[in-house]
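The values are calculated or read from the model by the stated rules, or taken from the named source; none is laboratory data. It should be emphasised that the depicted structure is a prediction, and the values quoted were computed from it without experimental measurement. The accessibility values were calculated without ligands, DNA or RNA, using every heavy atom of the protein model including side chains. Shrake-Rupley method; radii C 1.70, N 1.55, O 1.52, S 1.80 Å.
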Amino acid sequence: MGKRVSKTAKRAFARRLRAWRQGRQMSQSEAAGRLGVPVRTLQNWEIARTKPSRLLEQMLLRAMA
């Protein structure tokens, strides 16, 4: 089991991810493919169920820039 992450941190990442995806008018499937993650993982991130590790989050944020 991973480290516990605050709901606030999960929600902040979820908002940034959704804004990035919707701003580019991509489906979840397209966004997941572009980021190299399974669709289910992207869905979990977008509903703030889970959040990527700190290192992966940094890499994703760079890829979304």
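When the residues of the stretch 13-30 are filtered to those that are over 10 Å from the mean Cα position of the chain (by Cα) and assigned to a helix (DSSP H, G or I), the one that is nearest to residue 57 (Cα to Cα) is 19.
What are the residues in the stretch 31-55 that are open to solvent by less than 100 Å² (accessible area, probe 1.4 Å) and in a helix (DSSP H, G or I), if any? Please lay out each step first, then the result.
Of all residues in the stretch 31-55, those open to solvent by less than 100 Å² (accessible area, probe 1.4 Å) come to 31-33, 35-39, 41-46, 48, 50-53.
Within the stretch 31-55, 31, 32, 33, 35, 39, 41, 42, 43, 44, 45, 46 meet the criteria.
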